[in-house]
Amino acid sequence: MNAIVSGLVVVFSMCNLVDGREQCVGASGRLLCHGMPAIGVSVILWDYDMPFKDDLMAMTMTDTHGAFTLAGSTDEYTIIEPHLAIYKKCWNANACFPDIVIEVPEEFITDGKIPWRYYQLDREICDT
């Protein structure tokens, strides 16, 4: 069993050395806190790559209206698994966990570097 697992790890590691197909996704929306714009909130677009390191696809912060727009791309052999991570109080995504994680539906994934359409997320992010 260990030989099979070791073999799979080697194969997948080698696959990461060769580019897959370029895939992209975009997201936009407006975040609110108690009905008011959530200003300065970090929004990060990740591609989950278990058991390997996740791919940072894009990052931004909400503006004075609580709005954000971001898009990113990455090379993968399999379909990417994009997620939006929302950090309300943390300015360093590597030092803390996201407050909210939202999976971007597969229908918003397109081939290439520029998304054809954007996942729309309008959400209240503060506890009531």
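The values are calculated or read from the model by the stated rules, or taken from the named source; none is laboratory data. Fair warning: this is a prediction, and the values are worked out from it, not measured in the lab. Using ideal geometry, Cβ is built from the backbone for each residue, glycine included, and neighbour counts are taken over all protein chains shown.
Assorted remarks:
- Any hit, the stretch 92-106, residues being surrounded by 11 or more Cβ atoms within 10 Å (Cβ to Cβ), more than 20 Å from Ser42 (Cβ to Cβ), modelled with pLDDT of 95 or more and in contact with a Cys (Cβ under 6 Å, 6 or more places away or on another chain): no
- Applying a threshold of 7 Å to beta carbon distances and a minimum spacing of six or more residues, or different chains, the list of pairs starting in the stretch 109-127 at a residue that is closer than 15 Å to Pro82 by Cβ and ending at one that is part of a strand (DSSP E or B) and of a type in the set (Lys, Arg) reads Asp111/Arg21.
- Within the stretch 56-92, the residues that satisfy the criterion of being among the charged types (D, E, K, R) and within 20 Å of Trp116 (Cβ to Cβ) are Asp75, Glu76, Glu81.
Okay, residues lined up against (1) modelled with pLDDT of 85 or more; (2) within 13 Å of Leu84 (Cα to Cα); (3) in contact with a helix residue (DSSP H, G or I) (Cβ under 9 Å, 6 or more places away or on another chain); (4) not polar (S, T, N, Q):
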| residue | (1), (2), (3), (4) |
| --- | --- |
| Asn2 | no, no, no, no |
| Leu8 | no, no, no, yes |
| Phe12 | no, no, no, yes |
| Gln23 | yes, no, no, no |
| Ala27 | yes, yes, yes, yes |
| Leu32 | yes, no, no, yes |
| Ser42 | yes, yes, no, no |
| Asp47 | yes, yes, no, yes |
